[in-house]
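Engineer: Mind looking over this structure? Questions follow.
Values in this text are rule-based calculations from the coordinates and carry no lab data. All figures in this text were calculated on a predicted structure; none of them were measured in a lab. Don't worry about glycine lacking a Cβ; one is built from the backbone with ideal geometry, like all the others, and counts go over all protein chains shown.
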Amino acid sequence: MNTQELKKLENDLWDAANQLRQGAGLKATEYASPILGLIFLKFADITYRQFEDVIKQEFISKQSSRTARTEQEIAIATCGFYLPEYARYRYLRDLPETTNHAEQVKAAMQAIEAGIDRDDFKNVLPQDEYFKITQSDRTLLKTLLKIFDDIPDNATGDILGKIYEYFLGKFALSEGQGGGEFFTPTSVVKYMVEVIEPYHGKLFDPACGSAGMFVQSAQFIERHKANYGDQSKDIYVTGQDKTGETVKLAKMNLLINGLKGEIKEANTFTDDLDCLGQYDYVMANPPFNVKDVKLDTVKNKPYFNEYGIPQNKSKSTGTKKEDKDSIPNANYLWINLFATALNDSGRAALVMPNSASDARHSEQEIRIRLIEKGLISQMTSLPSNLFYTVTLPAALWFFDKAKASSQDTRVLFVDARNVFRQIDRAHRELTDEQIQNLAIISRLQQDQTDRYLALIDDYIQQIRQTLPLIKHSYQAVCTALTDFSEQFTDWAKHKHWDDAHQQLLTDFDFKPLLEALTLPTIDELNPAEQQALTALAHYTDTERSNSTQKQCATQCHALIEHTRSVKKTLDKSYRQLEKLYKFADKYLKAKDDKRWKDNNLRDFKKLSDLLNDFHEAVNPVMPLEFKTLEKSAVYWLHQIDWLQERFPEGIYEDVTGLCKLATLEEIQEQDYSLNPGRYVGVVIEEDGMTEDEFTEEILTLHQHLQGLDAKAQGLQQRIDSNLKSFLEN
């Protein structure tokens, strides 16, 4: 299953399941756990089916021998769990309508837990929740079983894991504040993972939620197999969360994604942790600004106090003192914990509110110690509206113990506040390409130019694959425009016009406009396209270097510039024909116009859809929903431009408005602030739009204005005609 097919499957499953939820009047909080349980049930069935023949063969062959074992014993030894017939997915799906499906699914969940050879996987799967969701509609559960049976039987663990994560994110979005407590947006986690690169060893998340950090770490390894090999089995994860229901979600997530480790229900501040210097990687999105932590609970714990304990400041004397009840907030307790949990070569990434970057008093003293020890490697400001719990922007803190050992006190500041994709009015995300482009800044700063060249090479290969789509979609529009205009002309030629229509034709200038209609030809793209294809072919035969990549991008730009010129002609032809068509459809065609129907002139939308496909093929910005589910060649070229314009030599350099490698002296000048905005400077932009985006916006608005003008002209002509008829009578 490729990315496009998976995206479609995820959307289809969510749309179907969510419509049922809304129809049943259920809240997302009531619905999330049982739905995720069904995904787990499907996963268990698919996994078990892969081993089923081997299990049965061994059971039969050794049935009468001394080494005979039960089918359950063989199954647990073979695949880690046992699935009896009544817990099989299709058995449940095919039960009669009159069956109490909630009771049967509960029994299946109990059987799965009993058949899994793990002591920590008890009372994890949802059970009684299925009775709640069937109270208003007893057929709901059977319908849901049918919906999730659309997950193909050959789906691998990573596919099931991605579907599970997709639903976690959707439920978090639906639940708002509550959902955000157990789910950090995937795009944020992906970026954290790309920077610290957790490819083996022990990984710790003391506020693990639904285990998204762990899952993205495993997927990072999968994406970078060429660099690290298949080392996912070398990852061992340790997590905890204070909410029992969230821990259950996390345990299901781990099992679906095949990750080794343990997750427990615990309170990070009150329970004792064995974490000092234990971990290769630490990642978390802890709750912000927690104010109810008792000072006496944490002040004597070394993993909280090595760099100092945050303390309240007396308003009366202006001096610092311990507050007997609580600390100002827990932000710097988390920061302490992350710093102390790392081993000598460990790396960490954590999410913090922007306010923590400039916090004063005792928190500033802790920050100074961390900076002067060289522990902080990078700070990244994120856009607002990425998180479901808060709308304010947050910052990512990155620690590197190996850097601290080398006494390197410099800090890389990255300001990514203007790097995002708008999902809806209230939410944003980072695209995969934006994540890669931002992460490459860290790698360039570490002198990994080969990673920079490899990323651009990746984009060039994507251009090679998607470039033919430009010509293909252009040809489709040209052919459709020609066919439609010929049919339209033929209809107009054979149409009998009465006096009233003749006047309308004259007033609208219909016939001259139709005769003046010029259509683009199919071969207009050929020369420029051939040059770009030749450059791409030549690039693959040469040594990969920054200069050859630039040359390749230049040739592709020549094609895109020519395409923009062709696009203007295409849009003009379409708008002219659209204007004629709308006028004819409203004022000229008869009620039952046989020739209009025979020529399929009714279906003008098909032509519009083909033109939209062409627009997508030459659009540098990725729309929220691609009809083709494929990013355009121009989109990939846009990614290359983003990198080459900022790092033209393929090496790290400070970029105004984006990144700055600051020395300790420069940080001291800023009073030890870790706010990237203080270091990177500002690029002044009037509207925040690129030239391509501005052009697209102007064309769209102009096209809309023309439509309104045509409608106004039609109405005016109708008024004039009616008034004339009235006066004559």
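Engineer: Work out how much length Asn100 to Ala68 would gain on full extension: take 0.36 nm times their residue separation and subtract the Cα-Cα distance, in nm to one decimal. Mind showing how you got there, number by number?
Structural biologist: Numbers: separation 32, 0.36 × 32 = 11.52 nm, distance 3.64 nm.
Net length gain for the segment: 7.9 nm.
Engineer: If you don't mind, another one. Could you give the nm distance between label points at Lys493 and Glu365, where each point is 7 Å from its Cα heading toward the beta carbon?
Structural biologist: Label-label distance for Lys493 and Glu365, simple model: 9.2 nm.
Engineer: Ok, one more. Cα gyration tensor of region 176-431, axes a ≥ b ≥ c as square roots of the eigenvalues: rounded (a/c below 1.5), prolate (a/b > b/c) or oblate? Numbers along the way, then the final one.
Structural biologist: Working: a/c = 1.40, a/b = 1.35, b/c = 1.04.
Here region 176-431 falls in the rounded category.
Engineer: Let's see if you can work this out: charge +1 on each Lys and Arg Cβ, -1 on each Asp and Glu Cβ, no other charges. What is the dipole magnitude of the chain about its Cα centre, in debye to the nearest 20?
Structural biologist: Values: 86 positive and 111 negative charges, 254 e Å.
Once rounded to the nearest 20, the dipole reads 1220 debye.
Engineer: Sticking with this one: State, to one decimal in nm, how far the label point of Ile522 lies from the label point of Thr540, with both points 7 Å from Cα in the Cβ direction.
Structural biologist: 2.5
Engineer: Near Lys242, which lysines are there with a Cα under 20 Å away, not counting those fewer than 8 places off in the same chain?
Structural biologist: Within the straight-line cut-off, Lys242 pairs with Lys122, Lys251, Lys264, Lys291, Lys294, Lys301.
Engineer: As an exercise, use a Förster radius of 56 Å and the Cβ-Cβ distance of Thr663 and Lys7 to find the FRET efficiency, rounded to the nearest 0.05.
Structural biologist: 0.80
Engineer: A further question follows. Assuming R0 = 51 Å, can you tell me the calculated FRET efficiency for the pair Thr569 and Arg425, based on Cβ-Cβ distance, to the nearest 0.05?
Structural biologist: The formula returns an efficiency of 0.90 here.
Engineer: Roughly how far apart, in whole Å, are the Cα centres of region 355-423 and region 490-515?
Structural biologist: 68
Engineer: Let me ask something additional. If you restrict to DSSP beta bridges whose two residues both lie in the chain, what percentage is antiparallel, to the nearest 5? Don't jump to the answer; show the numbers that get you there.
Structural biologist: Working: 23 of 45 bridges.
Antiparallel: roughly 50 percent of the beta bridges in the chain.
Engineer: Something else now. Which of Cys556, Leu513, Phe171 sits closest to the plus end of the dipole of the chain, meaning its Cα is farthest towards the positive end, when Lys and Arg get +1 and Asp and Glu get -1 on the C-beta?
Structural biologist: Value computed over the given set: Phe171.
Engineer: Any idea what the dipole of region 3-161 comes to, in debye rounded to 20, about its Cα centre with Lys/Arg Cβ at +1 and Asp/Glu Cβ at -1? All intermediate terms of the calculation are to be shown ahead of the outcome.
Structural biologist: Working: 20 positive and 26 negative charges, 38 e Å.
Charge dipole of region 3-161: 180 debye, to the nearest 20.
Engineer: Roughly how tilted is helix 605-617, in degrees to the nearest 10 and between 0 and 90, from the longest Cα axis of the chain?
Structural biologist: In the chain, helix 605-617 runs at an angle near 50 degrees to the longest axis.
Engineer: Leaving out same-chain residues fewer than 8 places away, which aspartates and glutamates sit with a Cα under 18 Å from that of Lys142?
Structural biologist: Asp12, Asp15, Glu30, Asp45, Glu85, Asp94, Glu97, Glu103, Asp128, Glu129, Asp150
Engineer: If you average the alpha carbon positions of region 233-291 and of region 633-655, how far apart do those two centres end up, in angstrom?
Structural biologist: Distance between centres, Cα-based: 37 Å.
Engineer: Could I ask something else about it? Among all the aspartates and glutamates, which ones have a C-alpha under 15 Å from Lys373's C-alpha, if same-chain residues fewer than 8 places away are not counted?
Structural biologist: Glu306, Asp344, Glu365, Asp400, Asp408, Glu665
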